[in-house]
Each structure stands twice: as structure tokens, then as C-alpha cells.
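The values are calculated or read from the model by the stated rules, or taken from the named source; none is laboratory data. Treat the numbers as computed from the prediction; the structure is a model and nothing was measured. All Cβ positions, glycine included, derive from the backbone under ideal geometry; neighbour counts span all protein chains shown.
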């Protein structure tokens, strides 16, 4: 798909998102980062230490971007499609969790 493609819906975007995550190590890094972020977000709620939400966001993206820069060798879709990429990350996380996507 061209860099000029504009996705109107998540269902249009998600195949592109998956094509940007073909490397297994990159997917693993995304899964780990998202899992740690989820735990930190739960801790944020239970402890009411709101700075943990920022830590969750930073570390989640750090894991993902390591995967892109060192294993996928592409630019994270977050830079062009932040909202759709955020949703895509959680969906990919779920699909890895249930075994639909290979970990």
C-alpha cells in the first residue's frame, strides 16, 4: 500500500497493520510491551499513582519501536496513524493471546 493511503475504518487499516508486523520477534516485543502496559494501567487504577499511566505508555511504545527499528526495519504506523495503530496493537495482542496469530 502506498504511503498516501488514508484508511477510513479500522477494518481497512488492520491488514496493513499486520503486514507491518511480520517479524516474529517484533510481534513478541509488541506483546510483551502491551502486556506490561496493561499491568501498569491496572496498577495505576488500584494504587491511584497516576504517573504509572505515563510509564505504561512510554514502555509500551519502547518495546514496539525496538521491534520496528531492529527487526521489522520499518517506521511504526503510529507516526502516521496513531489512533488506528493503538487499536491495532491491542487487537494484535488479543489475537496472539488466543492463538490466532503466532507468538
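Of the residues that make up the stretch 51-64, is at least one over 12 Å from residue 33 (Cα atoms), surrounded by 17 or more Cβ atoms within 10 Å (Cβ to Cβ) and modelled with pLDDT of 95 or more?
Scanning the stretch 51-64, I find at least one residue that is over 12 Å from residue 33 (Cα atoms), surrounded by 17 or more Cβ atoms within 10 Å (Cβ to Cβ) and modelled with pLDDT of 95 or more, so the answer is yes.
Picking from residues in the stretch 70-81 that are at pLDDT 95 or above and part of a helix (DSSP H, G or I), the one that is surrounded by the fewest Cβ atoms within 10 Å (Cβ to Cβ) is 70. Just one of (1) touching a residue at least 40 places away in the same chain (Cβ under 8 Å); (2) in a helix (DSSP H, G or I) fails for residue 12. It is (1).
Summed over the stretch 20-48, residues that are over 14 Å from residue 84 (Cα atoms) and either within 14 Å of the chain's Cα centre (by Cα) or crowded, with 17+ Cβ neighbours inside 10 Å (or both) total 20.
When residue 67 is tested against (1) without any contact (Cβ under 8 Å) to a residue 24 or more places away in the chain; (2) under 13 Å from the mean Cα position of the chain (by Cα), exactly one condition is not met: (1). Of the listed requirements (1) part of a helix (DSSP H, G or I); (2) out of contact with any helix residue (DSSP H, G or I) (no Cβ under 8 Å at 6 or more places or on another chain), residue 25 misses just one: (2).
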